[in-house]
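What follows is a set of notes on a single structure, which appears directly below.
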Amino acid sequence: MESGSISVDGEAQLCGTTKTKHGGWITFPFIIATLAGLTLAGGGWLSNLIVYLIDQFHINSIDAAQINNVVSGCTSLFPIVGAIVADSFLGSFAVIWISSIISLLGLLLFLLMATVDGMRPQNCQNDSSLCATTPSKTQYAMLYLTLTLVCIGLGGSRFTLATMGANQFTKAKHQETHFNWYFFTLYFATVIASTAIVYVEDNVSWAWGFGICIMANVLGSIIFLLGKKYYYYDTPQGSPFTSLAQVIVASFRKKKMALSSQSPDYYYGDDLQKKIDELPTNSFRLLNKAAVKIEGDILPNGSIAKPWNICTVQQVEDLKTLFRILPLWSSSILLSTPIGIQGSLSVLQALAMDRQLGPHFKFPAGSLLVFTLVTTAICLSLFDRFLWPTWKKIFGRNSTPLQRVGIGHVFNMASMVVSALVETKRRATAHSHHIQGSDMVALSVLWLVPQLVIVGIGEAFHFPGQVALYYQEFPSSLKSLATAMIALVIGIAYYLSTAVVDLFRRVTTWLPDDINNGNLDYLYWVVAVLGVINFGYYLACACLYEYKNIDKAETDEMNDCTETLTVKN
(Lines give C-alpha, C1' and ligand atoms only; values in the text may rest on other atoms or scores of the structure.)
Protein backbone atom coordinates (compact mmCIF):
# COMPACT_ATOMS: atom_id res chain seq x y z
CA MET A 1 0.00 0.00 0.00
CA GLU A 2 1.09 3.56 -0.40
CA SER A 3 2.73 4.48 2.87
CA GLY A 4 2.09 8.18 2.42
CA SER A 5 -1.59 7.68 1.76
CA ILE A 6 -2.62 6.81 5.28
CA SER A 7 -1.09 9.72 7.13
CA VAL A 8 -3.05 12.85 7.91
CA ASP A 9 -0.44 15.29 6.64
CA GLY A 10 -0.56 18.56 4.77
CA GLU A 11 -0.35 16.97 1.35
CA ALA A 12 -3.27 14.65 2.09
CA GLN A 13 -5.40 17.54 3.27
CA LEU A 14 -4.50 19.76 0.30
CA CYS A 15 -5.32 17.01 -2.18
CA GLY A 16 -8.84 16.85 -0.84
CA THR A 17 -8.86 13.80 1.34
CA THR A 18 -11.79 14.78 3.52
CA LYS A 19 -15.33 15.68 2.57
CA THR A 20 -16.23 17.75 5.63
CA LYS A 21 -14.96 18.10 9.19
CA HIS A 22 -15.99 14.44 9.50
CA GLY A 23 -14.45 11.61 7.56
CA GLY A 24 -10.97 11.36 6.08
CA TRP A 25 -8.06 9.22 7.22
CA ILE A 26 -8.92 9.61 10.91
CA THR A 27 -11.77 7.14 10.35
CA PHE A 28 -9.55 4.61 8.61
CA PRO A 29 -8.24 2.75 11.73
CA PHE A 30 -11.75 2.30 13.11
CA ILE A 31 -13.21 0.90 9.90
CA ILE A 32 -10.24 -1.38 9.17
CA ALA A 33 -10.13 -2.68 12.77
CA THR A 34 -13.88 -3.32 12.63
CA LEU A 35 -13.43 -5.21 9.38
CA ALA A 36 -10.65 -7.29 10.93
CA GLY A 37 -12.74 -8.23 13.97
CA LEU A 38 -15.90 -9.12 12.06
CA THR A 39 -13.92 -11.04 9.43
CA LEU A 40 -12.16 -13.07 12.12
CA ALA A 41 -15.56 -13.87 13.59
CA GLY A 42 -17.04 -14.88 10.24
CA GLY A 43 -14.01 -16.68 8.89
CA GLY A 44 -13.70 -18.76 12.04
CA TRP A 45 -16.92 -20.66 11.32
CA LEU A 46 -17.09 -20.37 7.53
CA SER A 47 -13.58 -21.66 6.80
CA ASN A 48 -14.19 -24.91 8.65
CA LEU A 49 -17.87 -25.42 7.87
CA ILE A 50 -17.41 -28.51 5.68
CA VAL A 51 -15.39 -30.25 8.39
CA TYR A 52 -17.93 -29.16 11.03
CA LEU A 53 -20.85 -30.62 9.07
CA ILE A 54 -19.03 -33.91 8.48
CA ASP A 55 -17.58 -34.23 11.98
CA GLN A 56 -20.40 -32.91 14.15
CA PHE A 57 -23.55 -33.51 12.07
CA HIS A 58 -22.41 -36.67 10.22
CA ILE A 59 -23.30 -35.28 6.78
CA ASN A 60 -21.58 -37.02 3.85
CA SER A 61 -18.76 -35.20 2.11
CA ILE A 62 -20.37 -34.11 -1.18
CA ASP A 63 -23.54 -32.92 0.60
CA ALA A 64 -21.41 -31.00 3.10
CA ALA A 65 -19.58 -29.33 0.21
CA GLN A 66 -22.91 -28.42 -1.37
CA ILE A 67 -24.24 -26.93 1.88
CA ASN A 68 -21.00 -24.99 2.20
CA ASN A 69 -21.50 -23.53 -1.30
CA VAL A 70 -25.08 -22.53 -0.50
CA VAL A 71 -24.01 -20.87 2.75
CA SER A 72 -21.14 -19.08 1.01
CA GLY A 73 -23.61 -17.90 -1.59
CA CYS A 74 -25.90 -16.54 1.10
CA THR A 75 -23.06 -14.58 2.71
CA SER A 76 -22.54 -12.98 -0.69
CA LEU A 77 -26.21 -12.31 -1.50
CA PHE A 78 -27.15 -10.72 1.82
CA PRO A 79 -24.82 -7.75 1.12
CA ILE A 80 -27.22 -6.78 -1.67
CA VAL A 81 -30.07 -6.55 0.84
CA GLY A 82 -27.81 -4.64 3.20
CA ALA A 83 -26.78 -2.24 0.43
CA ILE A 84 -30.39 -1.53 -0.56
CA VAL A 85 -31.37 -0.90 3.06
CA ALA A 86 -28.29 1.32 3.58
CA ASP A 87 -28.85 3.39 0.42
CA SER A 88 -32.60 3.69 0.80
CA PHE A 89 -33.48 3.76 4.50
CA LEU A 90 -30.99 3.36 7.35
CA GLY A 91 -27.56 4.37 6.06
CA SER A 92 -24.35 2.33 6.23
CA PHE A 93 -23.63 2.91 9.93
CA ALA A 94 -26.93 1.44 11.13
CA VAL A 95 -26.74 -1.55 8.76
CA ILE A 96 -23.23 -2.44 9.95
CA TRP A 97 -24.16 -2.12 13.63
CA ILE A 98 -27.35 -4.19 13.32
CA SER A 99 -25.55 -6.85 11.25
CA SER A 100 -22.84 -7.22 13.90
CA ILE A 101 -25.51 -7.92 16.54
CA ILE A 102 -27.20 -10.53 14.35
CA SER A 103 -23.81 -12.15 13.73
CA LEU A 104 -23.18 -12.30 17.47
CA LEU A 105 -26.52 -14.06 18.06
CA GLY A 106 -25.65 -16.69 15.47
CA LEU A 107 -22.22 -17.28 16.99
CA LEU A 108 -23.79 -17.74 20.42
CA LEU A 109 -26.01 -20.47 18.93
CA PHE A 110 -22.92 -22.12 17.43
CA LEU A 111 -21.39 -22.11 20.91
CA LEU A 112 -24.53 -23.66 22.40
CA MET A 113 -24.52 -26.43 19.77
CA ALA A 114 -20.89 -27.14 20.61
CA THR A 115 -21.47 -27.36 24.37
CA VAL A 116 -25.00 -28.81 24.74
CA ASP A 117 -25.09 -32.47 23.67
CA GLY A 118 -28.78 -32.53 22.79
CA MET A 119 -28.37 -29.82 20.15
CA ARG A 120 -26.26 -32.00 17.83
CA PRO A 121 -26.11 -35.70 16.90
CA GLN A 122 -24.22 -37.98 19.25
CA ASN A 123 -20.56 -38.50 18.39
CA CYS A 124 -19.19 -42.00 17.84
CA GLN A 125 -17.32 -43.47 20.77
CA ASN A 126 -15.30 -46.01 18.81
CA ASP A 127 -14.52 -44.03 15.62
CA SER A 128 -16.78 -46.33 13.60
CA SER A 129 -18.96 -44.77 10.96
CA LEU A 130 -21.62 -47.38 11.73
CA CYS A 131 -22.39 -45.80 15.09
CA ALA A 132 -22.99 -42.29 13.72
CA THR A 133 -26.50 -41.00 14.33
CA THR A 134 -28.26 -38.75 11.86
CA PRO A 135 -29.47 -35.31 12.99
CA SER A 136 -33.06 -34.97 14.15
CA LYS A 137 -35.45 -32.44 12.62
CA THR A 138 -34.96 -30.18 15.65
CA GLN A 139 -31.19 -30.35 15.33
CA TYR A 140 -31.39 -29.57 11.62
CA ALA A 141 -33.70 -26.64 12.39
CA MET A 142 -31.24 -25.27 14.96
CA LEU A 143 -28.35 -25.70 12.51
CA TYR A 144 -30.16 -23.86 9.72
CA LEU A 145 -31.31 -21.08 12.07
CA THR A 146 -27.73 -20.59 13.21
CA LEU A 147 -26.41 -20.54 9.65
CA THR A 148 -29.10 -18.03 8.65
CA LEU A 149 -28.15 -15.63 11.45
CA VAL A 150 -24.41 -15.77 10.84
CA CYS A 151 -24.94 -15.40 7.08
CA ILE A 152 -27.07 -12.29 7.57
CA GLY A 153 -24.58 -10.87 10.05
CA LEU A 154 -21.50 -11.48 7.92
CA GLY A 155 -23.16 -10.53 4.65
CA GLY A 156 -24.78 -7.36 5.97
CA SER A 157 -21.58 -5.87 7.34
CA ARG A 158 -18.71 -6.99 5.10
CA PHE A 159 -19.27 -4.97 1.92
CA THR A 160 -21.23 -2.18 3.60
CA LEU A 161 -18.01 -1.47 5.51
CA ALA A 162 -16.25 -1.11 2.15
CA THR A 163 -18.78 1.49 1.02
CA MET A 164 -18.75 3.41 4.30
CA GLY A 165 -14.95 3.50 4.23
CA ALA A 166 -14.83 4.78 0.65
CA ASN A 167 -17.47 7.40 1.45
CA GLN A 168 -15.04 9.05 3.87
CA PHE A 169 -13.00 10.31 0.88
CA THR A 170 -13.67 12.42 -2.21
CA LYS A 171 -10.67 11.56 -4.39
CA ALA A 172 -10.63 8.42 -6.53
CA LYS A 173 -6.97 7.80 -5.61
CA HIS A 174 -7.76 7.71 -1.89
CA GLN A 175 -10.82 5.55 -2.48
CA GLU A 176 -8.73 3.03 -4.45
CA THR A 177 -6.11 3.04 -1.66
CA HIS A 178 -8.91 2.34 0.80
CA PHE A 179 -10.15 -0.57 -1.31
CA ASN A 180 -6.65 -2.04 -1.50
CA TRP A 181 -6.28 -1.87 2.28
CA TYR A 182 -9.82 -3.18 2.67
CA PHE A 183 -9.07 -6.29 0.63
CA PHE A 184 -5.67 -6.73 2.28
CA THR A 185 -7.28 -6.65 5.73
CA LEU A 186 -10.14 -8.89 4.59
CA TYR A 187 -7.76 -11.53 3.30
CA PHE A 188 -5.26 -11.22 6.16
CA ALA A 189 -7.97 -11.60 8.80
CA THR A 190 -9.43 -14.55 6.90
CA VAL A 191 -5.97 -16.14 6.85
CA ILE A 192 -5.78 -15.90 10.65
CA ALA A 193 -9.29 -17.30 10.98
CA SER A 194 -8.53 -20.12 8.56
CA THR A 195 -5.38 -21.14 10.43
CA ALA A 196 -5.39 -20.19 14.10
CA ILE A 197 -9.12 -20.48 14.78
CA VAL A 198 -9.51 -23.59 12.60
CA TYR A 199 -6.55 -25.17 14.41
CA VAL A 200 -8.27 -24.53 17.75
CA GLU A 201 -11.51 -26.05 16.44
CA ASP A 202 -9.75 -29.15 15.13
CA ASN A 203 -7.27 -29.73 17.97
CA VAL A 204 -8.75 -28.13 21.11
CA SER A 205 -12.54 -27.97 20.79
CA TRP A 206 -15.28 -26.43 18.68
CA ALA A 207 -16.47 -24.54 21.77
CA TRP A 208 -13.15 -22.73 22.16
CA GLY A 209 -13.07 -21.93 18.45
CA PHE A 210 -16.56 -20.41 18.48
CA GLY A 211 -15.70 -18.58 21.71
CA ILE A 212 -12.80 -16.85 19.95
CA CYS A 213 -15.16 -15.88 17.12
CA ILE A 214 -17.53 -14.32 19.65
CA MET A 215 -14.73 -12.29 21.25
CA ALA A 216 -13.60 -11.03 17.82
CA ASN A 217 -17.18 -10.04 16.93
CA VAL A 218 -17.63 -8.13 20.18
CA LEU A 219 -14.27 -6.37 19.88
CA GLY A 220 -14.93 -5.34 16.26
CA SER A 221 -18.35 -3.94 17.20
CA ILE A 222 -16.92 -1.91 20.09
CA ILE A 223 -14.17 -0.42 17.92
CA PHE A 224 -16.76 0.50 15.29
CA LEU A 225 -18.80 2.43 17.86
CA LEU A 226 -15.71 4.21 19.20
CA GLY A 227 -15.26 5.91 15.84
CA LYS A 228 -18.86 7.15 15.74
CA LYS A 229 -18.04 10.84 16.22
CA TYR A 230 -15.47 10.87 13.40
CA TYR A 231 -17.45 9.27 10.58
CA TYR A 232 -18.96 11.00 7.59
CA TYR A 233 -22.55 9.71 7.45
CA ASP A 234 -24.22 9.11 4.12
CA THR A 235 -27.82 10.29 4.01
CA PRO A 236 -30.39 7.74 2.72
CA GLN A 237 -32.28 9.19 -0.25
CA GLY A 238 -35.13 6.73 -0.56
CA SER A 239 -35.16 3.81 -2.91
CA PRO A 240 -33.01 4.54 -6.00
CA PHE A 241 -34.81 1.75 -7.81
CA THR A 242 -37.98 3.84 -7.87
CA SER A 243 -36.11 6.55 -9.76
CA LEU A 244 -34.78 4.01 -12.25
CA ALA A 245 -38.22 2.47 -12.75
CA GLN A 246 -39.65 5.93 -13.46
CA VAL A 247 -37.28 6.27 -16.41
CA ILE A 248 -38.53 3.04 -17.96
CA VAL A 249 -42.19 3.95 -17.44
CA ALA A 250 -41.80 7.54 -18.69
CA SER A 251 -39.89 6.48 -21.81
CA PHE A 252 -42.53 3.86 -22.59
CA ARG A 253 -45.33 6.41 -22.25
CA LYS A 254 -43.49 8.72 -24.66
CA LYS A 255 -42.40 5.99 -27.08
CA LYS A 256 -44.08 7.69 -30.06
CA MET A 257 -42.51 11.07 -29.33
CA ALA A 258 -39.63 12.30 -31.52
CA LEU A 259 -36.32 13.09 -29.85
CA SER A 260 -35.09 16.67 -29.86
CA SER A 261 -31.60 17.94 -30.69
CA GLN A 262 -32.01 21.03 -28.49
CA SER A 263 -30.95 20.90 -24.85
CA PRO A 264 -33.78 23.24 -23.61
CA ASP A 265 -36.28 20.56 -24.65
CA TYR A 266 -34.94 18.23 -21.94
CA TYR A 267 -35.53 18.42 -18.22
CA TYR A 268 -32.31 18.74 -16.20
CA GLY A 269 -33.72 19.55 -12.79
CA ASP A 270 -31.30 21.68 -10.78
CA ASP A 271 -28.29 20.97 -13.03
CA LEU A 272 -28.29 24.24 -15.01
CA GLN A 273 -24.78 23.77 -16.40
CA LYS A 274 -25.79 20.64 -18.27
CA LYS A 275 -28.88 22.44 -19.50
CA ILE A 276 -26.60 24.85 -21.33
CA ASP A 277 -23.77 22.60 -22.43
CA GLU A 278 -24.86 19.00 -22.88
CA LEU A 279 -27.44 16.77 -24.49
CA PRO A 280 -28.28 13.29 -23.25
CA THR A 281 -25.87 10.66 -24.54
CA ASN A 282 -26.77 8.70 -27.69
CA SER A 283 -26.52 5.23 -26.16
CA PHE A 284 -29.94 3.67 -25.42
CA ARG A 285 -31.50 6.70 -27.13
CA LEU A 286 -35.06 5.54 -26.53
CA LEU A 287 -34.60 6.22 -22.84
CA ASN A 288 -33.90 9.88 -23.62
CA LYS A 289 -37.61 10.31 -24.32
CA ALA A 290 -38.22 10.07 -20.57
CA ALA A 291 -36.50 13.47 -20.15
CA VAL A 292 -38.25 15.28 -23.04
CA LYS A 293 -40.54 18.02 -21.76
CA ILE A 294 -44.12 18.34 -22.97
CA GLU A 295 -46.93 20.57 -21.83
CA GLY A 296 -48.09 19.73 -18.34
CA ASP A 297 -44.90 17.91 -17.28
CA ILE A 298 -43.37 20.86 -15.39
CA LEU A 299 -45.12 23.00 -12.81
CA PRO A 300 -44.71 26.83 -12.83
CA ASN A 301 -42.20 26.57 -9.98
CA GLY A 302 -39.98 24.27 -12.06
CA SER A 303 -40.75 21.02 -10.25
CA ILE A 304 -42.10 17.82 -11.82
CA ALA A 305 -45.88 17.50 -11.99
CA LYS A 306 -45.96 13.72 -12.41
CA PRO A 307 -42.66 11.86 -11.73
CA TRP A 308 -43.82 8.82 -13.72
CA ASN A 309 -44.28 11.00 -16.84
CA ILE A 310 -40.95 12.83 -16.94
CA CYS A 311 -37.50 12.33 -15.43
CA THR A 312 -34.32 14.35 -15.23
CA VAL A 313 -31.50 13.71 -17.69
CA GLN A 314 -29.41 12.52 -14.74
CA GLN A 315 -31.97 9.82 -13.92
CA VAL A 316 -31.83 8.66 -17.54
CA GLU A 317 -28.03 8.58 -17.56
CA ASP A 318 -27.96 6.65 -14.27
CA LEU A 319 -30.08 3.90 -15.78
CA LYS A 320 -27.91 3.86 -18.91
CA THR A 321 -24.84 3.36 -16.70
CA LEU A 322 -26.38 0.23 -15.21
CA PHE A 323 -27.28 -1.10 -18.66
CA ARG A 324 -23.76 -0.45 -19.97
CA ILE A 325 -22.05 -2.19 -17.08
CA LEU A 326 -24.40 -5.17 -16.88
CA PRO A 327 -22.64 -7.27 -19.57
CA LEU A 328 -19.28 -6.81 -17.82
CA TRP A 329 -20.85 -7.73 -14.51
CA SER A 330 -22.40 -10.87 -16.00
CA SER A 331 -19.01 -12.05 -17.28
CA SER A 332 -17.75 -12.01 -13.69
CA ILE A 333 -20.22 -14.71 -12.69
CA LEU A 334 -18.41 -17.40 -14.68
CA LEU A 335 -15.14 -15.90 -13.47
CA SER A 336 -16.08 -16.63 -9.84
CA THR A 337 -17.93 -19.92 -10.39
CA PRO A 338 -14.72 -21.96 -10.88
CA ILE A 339 -13.35 -20.47 -7.65
CA GLY A 340 -16.38 -21.79 -5.75
CA ILE A 341 -16.04 -25.23 -7.31
CA GLN A 342 -12.32 -25.37 -6.66
CA GLY A 343 -12.65 -24.11 -3.08
CA SER A 344 -15.10 -26.77 -1.88
CA LEU A 345 -13.68 -29.69 -3.85
CA SER A 346 -10.10 -28.90 -2.80
CA VAL A 347 -11.13 -29.48 0.82
CA LEU A 348 -12.47 -32.92 -0.15
CA GLN A 349 -9.25 -33.64 -2.01
CA ALA A 350 -7.24 -32.61 1.05
CA LEU A 351 -9.28 -34.96 3.28
CA ALA A 352 -8.23 -37.83 0.97
CA MET A 353 -4.51 -36.88 0.89
CA ASP A 354 -1.56 -37.05 3.26
CA ARG A 355 -1.86 -33.99 5.50
CA GLN A 356 0.96 -34.87 7.87
CA LEU A 357 3.59 -32.11 7.83
CA GLY A 358 6.42 -33.20 10.06
CA PRO A 359 6.18 -35.62 12.97
CA HIS A 360 3.79 -33.58 15.12
CA PHE A 361 1.60 -31.46 12.83
CA LYS A 362 -1.33 -32.52 10.68
CA PHE A 363 -2.53 -29.79 8.33
CA PRO A 364 -6.26 -29.01 8.83
CA ALA A 365 -8.22 -29.56 5.61
CA GLY A 366 -10.38 -26.52 6.40
CA SER A 367 -7.26 -24.33 6.36
CA LEU A 368 -6.27 -25.29 2.83
CA LEU A 369 -7.68 -22.15 1.25
CA VAL A 370 -5.34 -20.08 3.39
CA PHE A 371 -2.80 -20.41 0.57
CA THR A 372 -5.15 -18.48 -1.69
CA LEU A 373 -5.78 -15.85 0.95
CA VAL A 374 -2.10 -15.35 1.80
CA THR A 375 -1.19 -15.10 -1.86
CA THR A 376 -3.87 -12.50 -2.52
CA ALA A 377 -2.93 -10.44 0.55
CA ILE A 378 0.76 -10.42 -0.40
CA CYS A 379 0.00 -9.60 -4.03
CA LEU A 380 -2.27 -6.70 -3.09
CA SER A 381 0.57 -5.12 -1.14
CA LEU A 382 3.20 -5.79 -3.81
CA PHE A 383 0.97 -4.59 -6.63
CA ASP A 384 0.26 -1.27 -4.92
CA ARG A 385 3.91 -0.63 -4.07
CA PHE A 386 5.68 -1.95 -7.15
CA LEU A 387 3.53 -3.25 -10.00
CA TRP A 388 1.16 -0.31 -10.52
CA PRO A 389 3.85 2.43 -10.19
CA THR A 390 5.97 0.48 -12.69
CA TRP A 391 2.95 0.12 -14.98
CA LYS A 392 2.42 3.88 -14.92
CA LYS A 393 6.09 4.54 -15.75
CA ILE A 394 5.99 2.16 -18.70
CA PHE A 395 2.58 3.03 -20.18
CA GLY A 396 2.27 6.65 -19.02
CA ARG A 397 -1.02 6.15 -17.18
CA ASN A 398 -2.58 4.05 -14.45
CA SER A 399 -3.91 0.60 -15.22
CA THR A 400 -7.66 0.55 -15.70
CA PRO A 401 -10.04 -1.67 -13.71
CA LEU A 402 -10.94 -3.56 -16.90
CA GLN A 403 -7.28 -4.38 -17.54
CA ARG A 404 -6.89 -5.74 -14.01
CA VAL A 405 -10.00 -7.87 -14.31
CA GLY A 406 -8.80 -9.23 -17.67
CA ILE A 407 -5.47 -10.32 -16.16
CA GLY A 408 -7.42 -12.00 -13.38
CA HIS A 409 -9.33 -14.03 -15.98
CA VAL A 410 -6.06 -15.43 -17.37
CA PHE A 411 -4.78 -16.54 -13.95
CA ASN A 412 -8.15 -18.07 -13.13
CA MET A 413 -8.11 -20.24 -16.27
CA ALA A 414 -4.53 -21.31 -15.57
CA SER A 415 -5.51 -22.39 -12.05
CA MET A 416 -8.26 -24.67 -13.36
CA VAL A 417 -5.82 -26.35 -15.74
CA VAL A 418 -3.36 -26.96 -12.91
CA SER A 419 -6.23 -28.30 -10.74
CA ALA A 420 -7.10 -30.85 -13.41
CA LEU A 421 -3.49 -32.00 -13.78
CA VAL A 422 -2.97 -32.35 -10.01
CA GLU A 423 -6.20 -34.31 -9.59
CA THR A 424 -5.15 -36.64 -12.41
CA LYS A 425 -1.93 -37.39 -10.52
CA ARG A 426 -3.75 -37.76 -7.17
CA ARG A 427 -6.25 -40.23 -8.60
CA ALA A 428 -3.52 -42.19 -10.41
CA THR A 429 -1.62 -42.47 -7.12
CA ALA A 430 -4.74 -43.70 -5.35
CA HIS A 431 -5.34 -46.36 -8.00
CA SER A 432 -1.72 -47.51 -8.03
CA HIS A 433 -1.89 -48.10 -4.25
CA HIS A 434 -5.44 -49.55 -4.41
CA ILE A 435 -6.78 -46.86 -2.05
CA GLN A 436 -10.47 -47.22 -1.15
CA GLY A 437 -12.90 -45.44 1.16
CA SER A 438 -11.43 -43.17 3.85
CA ASP A 439 -7.83 -44.35 3.43
CA MET A 440 -5.34 -41.55 2.69
CA VAL A 441 -3.59 -41.28 -0.67
CA ALA A 442 0.20 -41.35 -0.31
CA LEU A 443 0.47 -37.90 -1.89
CA SER A 444 1.18 -34.75 0.11
CA VAL A 445 -1.56 -32.15 0.43
CA LEU A 446 1.04 -29.59 -0.67
CA TRP A 447 0.41 -30.73 -4.26
CA LEU A 448 -2.77 -28.66 -4.07
CA VAL A 449 -0.88 -25.45 -3.23
CA PRO A 450 0.12 -24.31 -6.77
CA GLN A 451 -3.46 -24.14 -8.05
CA LEU A 452 -4.51 -22.15 -4.98
CA VAL A 453 -1.59 -19.75 -5.31
CA ILE A 454 -2.42 -19.10 -8.97
CA VAL A 455 -6.08 -18.41 -8.24
CA GLY A 456 -4.98 -16.13 -5.37
CA ILE A 457 -2.87 -14.05 -7.75
CA GLY A 458 -5.87 -13.79 -10.04
CA GLU A 459 -8.09 -12.61 -7.20
CA ALA A 460 -5.61 -9.84 -6.38
CA PHE A 461 -6.20 -8.55 -9.91
CA HIS A 462 -9.90 -9.01 -10.55
CA PHE A 463 -11.64 -8.47 -7.18
CA PRO A 464 -10.24 -4.96 -6.46
CA GLY A 465 -10.60 -4.15 -10.16
CA GLN A 466 -14.29 -5.01 -10.10
CA VAL A 467 -14.98 -3.06 -6.90
CA ALA A 468 -13.17 0.03 -8.23
CA LEU A 469 -15.07 -0.19 -11.53
CA TYR A 470 -18.50 -0.50 -9.93
CA TYR A 471 -17.92 2.10 -7.21
CA GLN A 472 -16.56 4.77 -9.55
CA GLU A 473 -18.96 4.13 -12.43
CA PHE A 474 -22.23 3.60 -10.57
CA PRO A 475 -24.61 6.53 -9.88
CA SER A 476 -23.98 8.30 -6.58
CA SER A 477 -27.34 7.11 -5.23
CA LEU A 478 -26.21 3.48 -5.63
CA LYS A 479 -22.76 3.55 -4.00
CA SER A 480 -23.54 0.86 -1.42
CA LEU A 481 -25.02 -1.33 -4.14
CA ALA A 482 -21.91 -0.73 -6.24
CA THR A 483 -19.56 -2.40 -3.76
CA ALA A 484 -22.14 -5.10 -3.08
CA MET A 485 -22.26 -6.00 -6.78
CA ILE A 486 -19.09 -8.05 -6.38
CA ALA A 487 -20.80 -9.84 -3.48
CA LEU A 488 -23.78 -10.56 -5.72
CA VAL A 489 -21.41 -11.99 -8.33
CA ILE A 490 -19.82 -14.26 -5.72
CA GLY A 491 -23.21 -15.29 -4.35
CA ILE A 492 -24.61 -16.24 -7.75
CA ALA A 493 -21.32 -17.98 -8.56
CA TYR A 494 -21.52 -20.11 -5.42
CA TYR A 495 -25.09 -21.13 -6.22
CA LEU A 496 -24.10 -21.81 -9.81
CA SER A 497 -21.12 -23.87 -8.66
CA THR A 498 -23.49 -25.88 -6.46
CA ALA A 499 -25.79 -26.43 -9.45
CA VAL A 500 -22.87 -27.43 -11.69
CA VAL A 501 -21.54 -29.96 -9.17
CA ASP A 502 -25.05 -31.34 -8.63
CA LEU A 503 -25.63 -31.60 -12.40
CA PHE A 504 -22.44 -33.54 -13.03
CA ARG A 505 -23.12 -35.65 -9.98
CA ARG A 506 -26.49 -36.67 -11.43
CA VAL A 507 -25.61 -37.19 -15.10
CA THR A 508 -22.06 -38.56 -14.77
CA THR A 509 -20.09 -40.89 -12.51
CA TRP A 510 -17.36 -38.30 -11.95
CA LEU A 511 -18.36 -37.30 -8.38
CA PRO A 512 -19.10 -40.30 -6.14
CA ASP A 513 -18.87 -40.00 -2.34
CA ASP A 514 -15.46 -41.67 -2.61
CA ILE A 515 -13.65 -39.30 -4.96
CA ASN A 516 -10.89 -41.88 -5.45
CA ASN A 517 -13.37 -43.79 -7.63
CA GLY A 518 -14.46 -40.71 -9.59
CA ASN A 519 -13.10 -38.38 -12.27
CA LEU A 520 -12.90 -35.03 -10.55
CA ASP A 521 -10.24 -33.94 -13.04
CA TYR A 522 -12.81 -34.13 -15.85
CA LEU A 523 -14.91 -31.51 -14.09
CA TYR A 524 -11.89 -29.21 -13.77
CA TRP A 525 -11.24 -29.54 -17.52
CA VAL A 526 -14.86 -28.63 -18.31
CA VAL A 527 -14.61 -25.59 -16.05
CA ALA A 528 -11.34 -24.54 -17.73
CA VAL A 529 -12.98 -24.66 -21.18
CA LEU A 530 -15.92 -22.60 -19.92
CA GLY A 531 -13.41 -20.09 -18.56
CA VAL A 532 -11.85 -19.67 -22.01
CA ILE A 533 -15.26 -19.06 -23.59
CA ASN A 534 -16.19 -16.59 -20.85
CA PHE A 535 -12.88 -14.75 -21.30
CA GLY A 536 -13.72 -14.22 -24.97
CA TYR A 537 -17.10 -12.80 -23.94
CA TYR A 538 -15.41 -10.52 -21.41
CA LEU A 539 -12.95 -9.17 -23.98
CA ALA A 540 -15.82 -8.30 -26.31
CA CYS A 541 -17.68 -6.48 -23.52
CA ALA A 542 -14.54 -4.65 -22.35
CA CYS A 543 -13.70 -3.44 -25.87
CA LEU A 544 -17.18 -1.98 -26.30
CA TYR A 545 -17.34 -0.34 -22.86
CA GLU A 546 -16.64 3.40 -22.45
CA TYR A 547 -15.72 4.73 -19.02
CA LYS A 548 -17.99 7.40 -17.63
CA ASN A 549 -16.23 8.61 -14.46
CA ILE A 550 -12.80 6.96 -14.11
CA ASP A 551 -10.95 8.98 -16.76
CA LYS A 552 -12.57 12.18 -15.50
CA ALA A 553 -11.56 11.36 -11.92
CA GLU A 554 -7.91 10.89 -12.95
CA THR A 555 -7.92 14.22 -14.81
CA ASP A 556 -9.51 16.08 -11.89
CA GLU A 557 -7.02 14.57 -9.45
CA MET A 558 -4.04 15.60 -11.58
CA ASN A 559 -5.41 19.14 -11.89
CA ASP A 560 -6.05 19.42 -8.15
CA CYS A 561 -2.59 18.22 -7.18
CA THR A 562 -0.97 20.48 -9.82
CA GLU A 563 -2.77 23.47 -8.32
CA THR A 564 -1.62 22.37 -4.86
CA LEU A 565 2.03 22.21 -5.89
CA THR A 566 1.71 25.64 -7.53
CA VAL A 567 0.33 27.15 -4.31
CA LYS A 568 3.06 25.51 -2.20
CA ASN A 569 5.81 26.81 -4.49
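Within segment 299-316, being in a helix (DSSP H, G or I) and buried (at least 22 other Cβ atoms within 10 Å of the Cβ) holds for Val313, Gln315, Val316. Any residue that is assigned to a helix (DSSP H, G or I), at pLDDT below 90, surrounded by fewer than 18 Cβ atoms within 10 Å (Cβ to Cβ) and not charged (D, E, K, R) - is there at least one of those in segment 95-118? Looking for residues that are assigned to a helix (DSSP H, G or I), at pLDDT below 90, surrounded by fewer than 18 Cβ atoms within 10 Å (Cβ to Cβ) and not charged (D, E, K, R), one finds at least one in segment 95-118, hence yes. Residues in segment 502-509: is at least one over 17 Å from His178 (Cβ atoms), at pLDDT below 90 and open to solvent by less than 20 Å² (accessible area, probe 1.4 Å)? No, segment 502-509 contains no residue that is over 17 Å from His178 (Cβ atoms), at pLDDT below 90 and open to solvent by less than 20 Å² (accessible area, probe 1.4 Å). Given the condition under 20 Å from the mean Cα position of the chain (by Cα) and open to solvent by 10 Å² or more (accessible area, probe 1.4 Å), answer yes or no: does some residue in segment 345-367 qualify? Looking for residues that are under 20 Å from the mean Cα position of the chain (by Cα) and open to solvent by 10 Å² or more (accessible area, probe 1.4 Å), one finds none in segment 345-367, hence no. Restricting attention to segment 6-54, the residues being at pLDDT below 90, of a type in the set (Ser, Thr, Tyr) and either open to solvent by less than 10 Å² (accessible area, probe 1.4 Å) or under 19 Å from the mean Cα position of the chain (by Cα) (or both) number 4. Just one residue in the set Ser251, Ser283, Ser261, Ser344 is among the hydroxyl-bearing types (Ser, Thr, Tyr) and at pLDDT 85 or above; that residue is Ser251. For beta carbons closer than 9 Å, sequence separation of 6+ or different chains, a first residue in segment 387-400 that is without any contact (Cβ under 8 Å) to a residue 12 or more places away in the chain and open to solvent by less than 100 Å² (accessible area, probe 1.4 Å) and a second that is in a helix (DSSP H, G or I) and among the charged types (D, E, K, R), the qualifying pairs are Ser399/Lys392. Conditions: (1) modelled with pLDDT of 85 or more; (2) under 20 Å from the mean Cα position of the chain (by Cα). Val198 meets all but one. Number of the miss? Exception for Val198: condition (2). Within segment 62-69, does at least one residue satisfy the condition of being among the charged types (D, E, K, R) and assigned to a helix (DSSP H, G or I)? Checked against the condition, which is being among the charged types (D, E, K, R) and assigned to a helix (DSSP H, G or I), segment 62-69 yields at least one hit.
Filter segment 148-167 down to the residues that are farther than 21 Å from Phe463 by Cβ and open to solvent by less than 10 Å² (accessible area, probe 1.4 Å) and list them by number. Result: Val150, Gly153.
The values are calculated or read from the model by the stated rules, or taken from the named source; none is laboratory data. Remember, it's a predicted structure, so these values are computed and weren't measured experimentally. As a convention, Cβ positions derive from the backbone with ideal geometry for all residues, glycine included, and neighbour counts pool all protein chains shown. Ligands, DNA and RNA are stripped out before the accessible areas are found, and what is left, the full protein with its side chains, is counted by its heavy atoms. Shrake-Rupley method; radii C 1.70, N 1.55, O 1.52, S 1.80 Å.
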